[in-house]
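Here is the structure we will look at.
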Amino acid sequence: MNLSRVALAAGTAAASVVLLSGTAFAHVSVQPQGEAAKGGYATVNIKVPNERDNASTVKLEVSFPLDHPLASVMPQPVPGWKAEVTKAKLDKPLTLHGKQINEAVSKVTWTADGSKIGPGQFQQFPLSLGQLPEDADQLVLKAVQTYDNDEVVRWIEEQKGSEEPQNPAPVLKLSAAAADHHGGGAAPTATADAAADAKAGHEDGAGAHTETASASSSDTTARVLGVIGILVGIAGVAFGVLAGRRRSA
């Protein structure tokens, strides 16, 4: 009896963990494809799972912070979805590549256009972002998810402590700024190229030496065979003369 109760309690606990884990991780998130370095450009995926068993996701809105504005936000086409980019004027213009930019992307909206995110499914929405800020460690991208039963879930809560909020906003972590590609990175490449050229030259020289030796060996062999042929011919003639003399005798 006690064993049955223990087994039942263990099963209930395990099921609770699974359910709670699914709830904790089934939220809208942003995932960089490669590196999202400060001051650079990045490609990210907005990952949208469907949390409902009786409804499908038909709309997603992602807002971008204007305190760290992004001059360029370009969505990649997703079959069955229509993307709309909204811009807002900036209080303080951005300087990018020597040009002043007075507005930045404030929101991207995806609306179902022949497709949906059904129960038990997820969809990724790729974005190209840049130029990423140099004075921030992360970007908070607040999202709003709409279902076809008119339910709206707002993923806009920022994490304040160690405990994750119920509806956390997607957060893009930024890595350290990338090194200058026009600086120290060129020397190792040049050295490697020089080494490769030297190796190629050595291999070519070795090949030429081998070919020369082979040609010399072939020429010597031909001469030896020629001399042997001549000697055989002389021996044949001498044998013919002797045979003729014997017959005459």
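The values are calculated or read from the model by the stated rules, or taken from the named source; none is laboratory data. Everything numeric in this text was worked out from a predicted model, so none of it was measured. Don't worry about glycine lacking a Cβ; one is built from the backbone with ideal geometry, like all the others, and counts go over all protein chains shown. For the accessible areas, the whole protein counts, side chains as well, though only heavy atoms, and no ligand, DNA or RNA atoms are used. Shrake-Rupley method; radii C 1.70, N 1.55, O 1.52, S 1.80 Å.
Label separation (GLN33 vs LYS160): 3.7 nm, computed from points 7 Å beyond Cα along the C-beta direction. In this structure the range 20-97 gives 57 Å² per residue of accessible area when probed at 1.4 Å with all protein chains present. A straight Cα-to-Cα reach below 30 Å connects LYS47 with the lysines LYS38, LYS59, LYS82, LYS87, LYS89, LYS107, LYS116, LYS142, LYS160, LYS173, residues fewer than 8 places away in its own chain not being considered.
ASP137 contributes about 110 Å² of solvent-accessible surface, heavy atoms of the protein only, 1.4 Å probe. Shown here for the range 21-129: GluC sites (Glu not before Pro) in loop regions (DSSP other than H, G, I, E, B) with at most 16 other Cβ atoms within 10 Å, namely GLU35. Which distance in Å, rounded to a whole number, links the C-alpha centroids of the range 100-144 and the range 44-89? Here the answer is 4 Å between Cα centres.
Net length available on complete extension from LYS47 to ASN167 is 41.7 nm, with 0.36 nm assigned per residue and the Cα-Cα distance removed.
For the range 48-142, the spherically averaged projection of the C-alpha convex hull amounts to 6.9 nm².
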